[in-house]
Amino acid sequence: MKYPAIRNYVAGQGVDSSAATLDVMSPLSGQLISTVPLSSAAALDEAVQAAKVAFPSWSAMPIKERVQIFYRYKTLLERDMKALADLVREENGKTYDEARAEVEKAIELTEFACSMPQLIQGEFLEVSKGVEARAERKPLGVVASIAPFNFPNMVPHWTIPNALVLGNTMILKPSEQVPLSAVKIAELLKEAGLPDGVLNIVNGDREIVEAICDHPAIQAVSFVGSTKIAKVVYIRATSNLKRCVALGGAKNHLMVLPDAHPEMTASNVAASMSGCAGQRCMAGSTMVGVGAVDGIVAKIVEEARKIIPGQNLGSVISKEAKARIEQHITEAEAAGAKVLLDGRNAVVPGHEEGYYVGATVIDYVTPDMRIAQEEVFGPVLAIMRTNTLDEALAIENANPYGNAAAVFTASGSSARYVMDHANAGMIGINIGVPVPREPFSFGGWNESKFGACDITGKSSIEFWTQLKKTTTKWNPESRVNWMS
Ligand code: NAD
């Protein structure tokens, strides 16, 4: 194996476990690169106890001191950028540039957390004569973060810097498919000076997630993954009276109007559907072409043809994912859609065992087809056609998800109309992947997110803290006028 067997990380130490293990395969080569323990509820409890022990001194440390650790951590992320990106590439299958962009985003998230002292200043008011009220943000205690496979480095950074800077201690549960990046994150945080027990990592799958939702000492759970599991986690965590924000899957619609800039639209749409091999919750997997857009569709195909597996297109995560994506294409074709560019059976010379799917463009998809309804999570663009923008919006509005939606147009009023009427949390105007960058918050609507707050940015401050309100009055008679 290229990497040592993954261990849990508790109180600043790697911990051996007698749990059964799962193989970790590199999707680039189909080769075994490590193993990951499928930890038990007892292993989780050990980590929670460590996080509980660390909480009093960590939360008592002034926030201006806590952020110093994250300033140092940011420089370590920069120092080790290449190693971190290589790790993401190897375990997830992204291209090097995509893997590097993920680490750059982790740095941006860390920078935001470093600005927290400026953002969470409390409130203070004399509410009646001699009576003062103040409100300040306090951490929750031990919290948990459960991550998916598609961003092994970035998604843990959606939660770790903010939750920790705000004074919480954490259990991280990485995806069992990509557990390597988390080990390196913990090592760098320790090097930056994070006290032992503030961040703990417990690996595993369903059993450990259920144990997190049930553990009485965990106050809040953040989850990122598929809608099916997000629902289960949200219901289970909240029924155990925890705070929970659970981000789910997506089906993002890109509405292309005839007045859109052809080249800009084509490159944006092609990049949106194929970036990270389509394994992004922000992927524009469905395009709705309104009116006469054949010329733009032709340019999208031209752009997509330049996306070559093994060069500027990474692999998908597993053999099963490849089979599922190719099945979607086959079914759509059988149902009458027209495959304009076919990425099935892609083979990369020298990486014949890697899990590659080529960029695929399918036109004349109809809303009743499975490919129009389900999250495909591969480099596949399904194009639907309508005559009017209202029809396009009706299709977008009818889908159960609500992560992102975008419109491509030269008309400000059409753009504004989509902004007002798309039923999604993140809207793009001539932008195919409208990720709100810090200090804005990331989070979708509908079946793409359960829970009140977003997971990053300013909204996450609300999630990771609780308000303490103090009302103070001193008896004026008790004032001593020190004369002696
Ligand atoms: P997943 O739901 O299979 O797994 C996510 C996490 O849940 C993993 O840590 C996994 O171990 C755990 N898990 C899996 N099965 C479980 C079960 N039965 N019970 C309890 N826990 C379980 O998701 P994935 O395949 O790792 O990630 C891809 C999905 O994540 C896509 O649907 C994608 O859209 C979504 N995603 C959403 C966002 C967002 O911001 N909305 C961001 C990234 C990924």
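The values are calculated or read from the model by the stated rules, or taken from the named source; none is laboratory data. Source: prediction; values computed, not measured. Quick reminder, even Gly has a Cβ in these numbers, built from the backbone with ideal geometry, and neighbours come from all protein chains shown.
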Exercise for the section: Could you identify the single residue in V316, V380, V347 that is over 23 Å from the mean Cα position of the chain (by Cα) and of a type in the set (A, V, I, L, M, F, W, C)? Expected result: V347
Practice task
Please indicate, with yes or no, whether at least one residue in the stretch 133-143 is within 16 Å of the ligand (Cβ to nearest atom) and either without any contact (Cβ under 8 Å) to a residue 12 or more places away in the chain or in a strand (DSSP E or B) (or both).
Solution key: yes
Handout entry: Subset of the stretch 301-332 (residues that are surrounded by 16 or more Cβ atoms within 10 Å (Cβ to Cβ) and of a type in the set (D, E))
Key = E303, E326
Exercise for the section: With the condition kept exactly as written, say whether any residue in the stretch 263-270 is within 11 Å of the ligand (Cβ to nearest atom) and more than 19 Å from the chain's Cα centre (by Cα). Expected result: no
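Could you please let me know if E126 is at pLDDT 95 or above, assigned to a strand (DSSP E or B) and in the same structural domain as V36 (by the TED database)?
When the stated conditions are applied, E126 passes them.
Residue by residue, here is whether (1) assigned to a loop (DSSP other than H, G, I, E, B); (2) not small (G, A, S) holds:
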residue: N345; (1), (2): yes, yes
residue: V348; (1), (2): yes, yes
residue: E352; (1), (2): yes, yes
residue: I362; (1), (2): no, yes
residue: P367; (1), (2): yes, yes
residue: V376; (1), (2): yes, yes
residue: E391; (1), (2): no, yes
residue: A406; (1), (2): no, no
Problem - Residue check for R280: free of Cβ contacts under 8 Å to residues at least 40 places away in the same chain, within 15 Å of the ligand (Cβ to nearest atom) and of a type outside the set (A, V, I, L, M, F, W, C) - result: no
Practice task
Residues that are over 15 Å from L38 (Cα atoms), of a type in the set (A, V, I, L, M, F, W, C) and touching a residue at least 40 places away in the same chain (Cβ under 8 Å): find the helices (runs of 4 or more DSSP H) completely inside the stretch 151-237 holding 1 or more of those.
Solution key: 154-165, 180-192
Completion exercise
Picked from the stretch 175-201 (must be crowded, with 23+ Cβ neighbours inside 10 Å and under 21 Å from Y96 (Cα atoms)), the residue nearest to the ligand (Cβ to nearest atom) is S175
Problem - E438 more than 19 Å from M287 (Cα to Cα), more than 13 Å from the ligand (Cβ to nearest atom), of a type in the set (D, E) and not in a strand (DSSP E or B) - result: yes
Handout entry: Members of the stretch 301-323 found to be assigned to a helix (DSSP H, G or I), farther than 18 Å from E352 by Cβ and touching a Pro at 6+ places or on another chain (Cβ under 9 Å), listed by number
Key = A304
Fill in the blank from the handout: Of the candidates A404, A392, the one satisfying the condition of being in contact with a strand residue (DSSP E or B) (Cβ under 9 Å, 6 or more places away or on another chain), within 28 Å of P309 (Cα to Cα) and surrounded by 15 or more Cβ atoms within 10 Å (Cβ to Cβ) is A404
Practice task
Would you confirm whether any residue within the stretch 203-220 is within 16 Å of the ligand (Cβ to nearest atom) and within 17 Å of E375 (Cα to Cα)?
Solution key: no
Exercise for the section: Mind listing whichever residues of the stretch 235-246 are within 11 Å of the ligand (Cβ to nearest atom) and within 17 Å of S460 (Cα to Cα)? Expected result: V245, A246
Problem - Residue check, I383 at pLDDT 95 or above, touching a Ser or Thr at 6+ places or on another chain (Cβ under 9 Å) and of a type in the set (V, I, T) - result: yes
Exercise for the section: Please indicate, with yes or no, whether at least one residue in the stretch 78-93 is in contact with an Asp or Glu (Cβ under 8 Å, 6 or more places away or on another chain), over 15 Å from K184 (Cα atoms), surrounded by 23 or more Cβ atoms within 10 Å (Cβ to Cβ) and in contact (Cβ under 8 Å) with a residue 12 or more places away in the chain. Expected result: no
Practice task
Go through the residues of the stretch 442-454 one by one and say whether even a single one is surrounded by fewer than 24 Cβ atoms within 10 Å (Cβ to Cβ), more than 12 Å from the ligand (Cβ to nearest atom) and closer than 30 Å to T110 by Cβ.
Solution key: yes
Practice task
Just one of (1) in a helix (DSSP H, G or I); (2) within 30 Å of A452 (Cα to Cα); (3) touching a strand residue (DSSP E or B) at 6+ places or on another chain (Cβ under 7 Å) trips up E333, so point out which.
Solution key: (2)
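Sort through G350, G310 and tell me the only one that's more than 23 Å from S448 (Cα to Cα), in contact with a His (Cβ under 7 Å, 6 or more places away or on another chain) and without any contact (Cβ under 8 Å) to a residue 60 or more places away in the chain.
Of G350, G310, the one residue that is more than 23 Å from S448 (Cα to Cα), in contact with a His (Cβ under 7 Å, 6 or more places away or on another chain) and without any contact (Cβ under 8 Å) to a residue 60 or more places away in the chain is G310.
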Problem - From A42, A50, residue being surrounded by 22 or more Cβ atoms within 10 Å (Cβ to Cβ), in the same structural domain as E91 (by the TED database) and part of a helix (DSSP H, G or I) - result: A50
Problem - Candidate set: the stretch 271-296, residues that are more than 19 Å from L313 (Cα to Cα) and in a loop (DSSP other than H, G, I, E, B); chosen: the one nearest to the chain's Cα centre (by Cα) - result: V293
